[in-house]
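What follows is a single structure, written as structure tokens, with notes after it.
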Amino acid sequence: MALIYKILRPEEWLRLSAEGVFQGSPVDLHDGFIHFSAADQVTETLARHFADETEVVQLAVDAGALGDALRWEVSRGGALFPHFYASLRLGDVLEVRRLMAEPGRRGCFTEPAPSE
């Protein structure tokens, strides 16, 4: 199983968990597909696109389960990125991780301590 990752703002995660389906964030809707990242691309995605956020939600999805609607296409720096040309269903999500911004380290995130 090859996992890919979608980073959401907390309100986007709440919408997906409540509605059971996610059409995409504003940038996804603009581009016509849902942006995912491979494991080795997540850190840079967080730093580039979520640096001003204090909290994000990272979803893990089995790339193989998304079928033909998932395409690996050239993007940032010539790297292949997973782009999903369909709606993401809550049932596709295998893992949900809440990540908090690290104080003083813009664009860096870690999982909160269990008591948070």
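Listing for the model above:
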{"read-out": "Packing-based exposure ordering (other Cβ within 10 Å, fewest first) of 93, 21", "value": "21, 93"}
{"read-out": "Between 0 and 90°, nearest 10: helix 10-19 axis offset from the chain longest Cα axis", "value": "50"}
{"read-out": "Where Rh is the Kirkwood radius over Cα pairs, Rg/Rh for the chain", "value": "0.95"}
{"read-out": "Least to most buried among 43, 54 (fewest other Cβ within 10 Å first)", "value": "54, 43"}
{"read-out": "Cut-off under 5 Å, modelled amide H: who pairs with residue 108 long-range", "value": "102"}
{"read-out": "Karplus-derived HN-Hα couplings along region 34-46 (A = 6.51, B = -1.76, C = 1.60, θ = phi - 60°), whole Hz, x at Gly and Pro", "value": "8, 6, 10, 10, 6, 3, 7, 10, 4, 4, 5, 4, 4"}
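Every number in this text was worked out from the coordinates using simple rules, so none of it is lab data. Predicted model only: the values in this text are computed from it and were never measured. For neighbour counting, all protein chains shown are included, and Cβ atoms are generated from backbone atoms with ideal geometry for every residue, glycine included.
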